[in-house]
Amino acid sequence: MKNFGFKKLMVFIVLSAAVALAYQLPYLRYTFYDQMTAAFNLNDTQMGLLATAVSLTSTICYPIGGFFADRFSMKKLICVSFAAFVVLSAMFAFTTNYALLMVIHILFGFFGIATLWSAYLTGLRGLGDEDTQSRLFGSSEATRGIIQTLTAFVFLALMNAAATPVAGFRAVMIAGTVICAVFLVLAIIFLPEEKKERDTAGESAEEEKFSIKDVLTNKGVWITIWVVCCAYVAWTLGNGYLTTYTVRVLGISEATASSLGIVRSYIIVFLAGFIGGWVLDKFSYKGKGFLVLFTAVIVTMAGVMLTNKAVPVCVGLTMLLAFLANVMKSTYWSVMGQAGIPVNMTAMATGIISFIAFIPDFIVPTVCGVWLDAATAAGDVSVGFNKIFIMLIVFAVAGVIGAVMLTRQTRALRESGAKV
């Protein structure tokens, strides 16, 4: 990072901002869950269905994103994504129709993945070598956290100043429209225009192209899928439900919970990205680093469940859980090299990896919404949250197994003479 020139730094910032906004605008429920249900008169199941709409679309689009990133320039794809965000945010600002909200979330899922995700990962991985991948991805996650924190506090101020929840969400999405437009201009100015024409006759060994079969038969791809899937579910269950948990179980006010949610979802991302990326690069085997992280998540999640009567302690543990989950989320893509995935396979591999690893993402929110509605109807919403937290622990235990497999894969590759 310290060796970045100005133009390279701007490329890094624009790439990070694209993903920051893609994972903020359609996911405002993470910070404004209760305000959003009031604004649109939604129940927990309907909120879960909106989450499923964007997540299911995203999952379907991951292979499409790998195909696009392998054939179109990063600049074109990122600019198309920003332009789509401008239009969708403006639509979000002026509707309360649930059917249209579903369409908006589906389109956010498409443009946040098909034209953005693999282009972002390929571009970011290319900004550094294998020795700095955790810091590079961690710093990108931290930069995303900075951008999301600044915009989130703006959104919170607009929401609190509005006379009604509907007016608050309208102001928030208008602000989101303007922010996306600014970054669209920056993308046009700073992103390099690469050529993606295929000239297979003139390709060198380093420029070898890979087929879907090559990706699917690469052992490292499947190990990466395992680690990414477990870490992502741990992150989404923690971040997605801890804010409303503090309101509905711990008894904290909505305003205080939203402020804590901003700290948990955005400020902690900044710390987890920089600190986590630096720490994980100190592990010669990234699998061992993830073994430590998954184990810590299990212990912390159990602590949250056991301390709900000691509110300050429980809130503190939710913050620690968010930190650990965000360290994993900010660095799990950095394991590709040690898993044995070649750099030139990145575009195609990330599309396939994401498609499979994120399948639980469109199932889990709806399941959790049903659990919470059923527990609320039964008179004890904490039962629903406990089911969610047990699911998190189960995925973390599976993550421990994945971390062991990653360590063994890296050791085997090094013993065979491969550079990882």
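The values are calculated or read from the model by the stated rules, or taken from the named source; none is laboratory data. This structure is a prediction, so every number in the text was calculated from the model and none was measured. As a convention, Cβ positions derive from the backbone with ideal geometry for all residues, glycine included, and neighbour counts pool all protein chains shown. Heavy atoms of the whole protein, side chains included, go into the accessibility calculation; ligands, DNA and RNA do not. Shrake-Rupley method; radii C 1.70, N 1.55, O 1.52, S 1.80 Å.
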Exercise. Identify, please: which residue in the stretch 352-383 is part of a loop (DSSP other than H, G, I, E, B) and under 19 Å from the mean Cα position of the chain (by Cα) and is, among those, nearest to Leu116 (Cα to Cα)?
Worked result: Phe358
For this session: For the stretch 97-112, name all the residues that are touching a helix residue (DSSP H, G or I) at 6+ places or on another chain (Cβ under 6 Å) and under 23 Å from Leu158 (Cα atoms).
Result: Ile104, His105, Phe108
Exercise. Looking at Trp235, Trp222, which is the one that is free of Cβ contacts under 8 Å to residues at least 12 places away in the same chain, buried (at least 17 other Cβ atoms within 10 Å of the Cβ) and under 23 Å from the mean Cα position of the chain (by Cα)?
Worked result: Trp222
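Test Met345 against the stated conditions and say whether it is open to solvent by less than 10 Å² (accessible area, probe 1.4 Å) and either touching a residue at least 60 places away in the same chain (Cβ under 8 Å) or over 30 Å from Ser73 (Cα atoms) (or both).
Taking the combined requirement at face value, the residue satisfies it.
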For this session: Can you tell me which residue among Ser89, Ser58 is more than 16 Å from the chain's Cα centre (by Cα) and crowded, with 23+ Cβ neighbours inside 10 Å?
Result: Ser89
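Residues checked against (1) of a type outside the set (S, T, N, Q); (2) at pLDDT 90 or above:
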position	(1), (2)
Ile298	yes, yes
Leu317	yes, yes
Thr350	no, no
Phe355	yes, no
Ile359	yes, no
Ile363	yes, no
Exercise. Residues of the stretch 384-420 being open to solvent by less than 70 Å² (accessible area, probe 1.4 Å), in a helix (DSSP H, G or I) and more than 29 Å from Asn308 (Cα to Cα), which ones?
Worked result: Gly402, Ala403, Val404, Met405, Leu406, Thr407, Gln409, Thr410, Ala412, Leu413
For this session: Just give me the residues in the stretch 20-60 being aromatic (Phe, Trp, Tyr) and touching a Phe, Trp or Tyr at 6+ places or on another chain (Cβ under 8 Å), in sequence order.
Result: Phe32, Phe40
For this session: May I ask you to verify whether Ala349 is assigned to a helix (DSSP H, G or I) and under 16 Å from the mean Cα position of the chain (by Cα)?
Result: no
